[in-house]
Each structure stands twice: as structure tokens, then as C-alpha cells.
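I have placed the structure first, in the form of C-alpha cells, so that the comments after it can refer back to it.
The values are calculated or read from the model by the stated rules, or taken from the named source; none is laboratory data. As the structure is a computational prediction, the values presented were derived from the model and not from experiment. With ideal geometry, Cβ positions are generated from the backbone for all residues, glycine too; neighbour counts draw on all protein chains shown.
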Amino acid sequence: MKFTRLHSWTTDIREAARIQDSLCHFVEQKTTKRDFQLVAGADVAYSKRDDAMFACVVVMRFPELVTVDKVKAQSVANFPYHPGFFAFREGPVLIKAIQRLQVTPDVIMFDANGVAHEKGIGMASHLGLMLDIASIGCAKKLLIGEHEEPDNVINARTPLLYDGREIGAVVRTRVDVKPLYISVGHKIDLETAVELVTATARGYRLPEPMRVAHILSGKMKRAYDGRRQTQGSRRRSQFNP
């Protein structure tokens, strides 16, 4: 799968902010394709031992939710951890993984925000633009805005508001667990985004493609950290016979 390099990746936060300002006007908050047959979920896990990152992308056939493709990639975090700039921290490794897909999904769900972002271009919107594909922000944590807590029933929702306008929806996908913060990424409208997330959240908090991607990236992280721990133990034993 190809993408358009709209800019070079930067490690400077001021340059990153300038890039966001230049791109936010191109985000499309309307659905251009209604036939979503292939739905993808993306996730990134971080090593507990160094700056390694592990990205997984899983593509499923909708509505059956059968996996048709899955890819992974590993990289090092070069951009500092700064809320609102995850596209520059996680974007490179996610793009690396997405380029390895043998199929082109109709929509990608990211564990990130879309237009529910101070500049209106969170990672889901940013990567949606670069990939020229429908994308959804499906964040586990609130970045900006205010909302009332949705009722404790499946699919209950409340609007996510910022400066008096609706920028997303707070949706309960599982009883007795925290809701998800859903927002438009690119080339989709909010209602369609919410419908897809709830239709693919089959008894779990996360939509199934994202949930499986999360499991796989976690396995990569644990395997890597395990190897690092073993290597560290061997080095210590060499100096402490």
C-alpha cells in the first residue's frame, strides 16, 4: 500500500506544529465511500527497556470480521512524547507497517484522535491524509474537550464538545468499562465513524481490528523486552562470575 509523503518527518516540535497548521485545512469530514468491506485497525506498543516501538495493522473483512491481512514493523521513537503530536512519534512506524499490506483497506481505525485535536488534525487525520484513505480516531483517553459521561449501557453516547462545537462522540462499547473517544479522521463523517466502531466492537471495549492489533503489538513488545532482559543478565554474569 502506498502513501504520499506530504512532508519530511521532523523531531522539532515547532516545525511539527507548522506542518499541522499547513495540513489541517485539507481534512475531509464527509464520507466519500459507503461500501466498507475491509476495515483495518492499527496499534503501537512501546518497550519498557528503551525507545523501541512496535506497530501492528490488522485488516478484517466486514461484517464477518475475518482477518485477511496483518503486518508489523519495528522502529525507534525519535520524537518526544508530547500530547497532540503523536503523528510525528508513531506515524513513521505505522506507515512502515501499512506499506507492507497486501490489500488496501477501505478504512483504518487508529488508537489516536482525528479532528478531536487542538488544531483539528490528530494522528488519525494526519495519516488519513498521507494515505488518502478513510480513517477514524478511536482514542482511549481524552485529549481535548468536555463531555458528560455516557450511560452505562452498550452504545450509549454523548457529544464531545470543544469551543461550543461537536468534535467527536464519547461512546460506551462495553458495560462497566471506560468509553472510547471517537472522532473523524479523514474522508468520513462522525455518524459513520461511530457506526463502524460500534459494529466492530464485538463484546470488547476496542473494535475488533484494533483489539487484535493491540494484542499482536503487545506480543512483539514482550518478546523484545524478554530478549533485552536475557541479554542484560548475560552481560552481568560475565562481570560477576
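Residue selection: ARG89 fails the criterion of being surrounded by fewer than 19 Cβ atoms within 10 Å (Cβ to Cβ), without any contact (Cβ under 8 Å) to a residue 60 or more places away in the chain and either of a type in the set (Lys, Arg) or under 22 Å from THR192 (Cβ atoms) (or both). Only one entry in GLU166, GLU195 is more than 25 Å from GLY91 (Cβ to Cβ) and assigned to a strand (DSSP E or B), namely GLU166. What about ASP51, is it surrounded by fewer than 19 Cβ atoms within 10 Å (Cβ to Cβ) and free of Cβ contacts under 8 Å to residues at least 60 places away in the same chain? In short, yes.
Please go through the stretch 3-12 and pick out each residue that is in contact with a helix residue (DSSP H, G or I) (Cβ under 8 Å, 6 or more places away or on another chain) and not aromatic (Phe, Trp, Tyr). Write out each step before concluding.
Let us first name the residues in the stretch 3-12 that are in contact with a helix residue (DSSP H, G or I) (Cβ under 8 Å, 6 or more places away or on another chain), namely 3-7, 9-11.
Of everything in the stretch 3-12, those that are in contact with a helix residue (DSSP H, G or I) (Cβ under 8 Å, 6 or more places away or on another chain) and not aromatic (Phe, Trp, Tyr) turn out to be THR4, ARG5, LEU6, HIS7, THR10, THR11.
Look at the stretch 135-153: where a residue is on the phi > 0 side of the Ramachandran plot and a partner is in a loop (DSSP other than H, G, I, E, B), sitting 6+ places away or on another chain with Cβ atoms under 7 Å, you get GLY145/ALA116. Here ASP43 meets the list (1) on the phi > 0 side of the Ramachandran plot; (2) in contact with a Cys (Cβ under 8 Å, 6 or more places away or on another chain) almost entirely, failing just condition (1). Counting only residues that are in contact with a helix residue (DSSP H, G or I) (Cβ under 7 Å, 6 or more places away or on another chain) and farther than 25 Å from ARG89 by Cβ, the stretch 19-61 holds 3 of them. Screening ARG234 against (1) out of contact with any Ser or Thr (no Cβ under 9 Å at 6 or more places or on another chain); (2) at pLDDT 95 or above; (3) of a type in the set (Lys, Arg) leaves a single unmet condition, (2).
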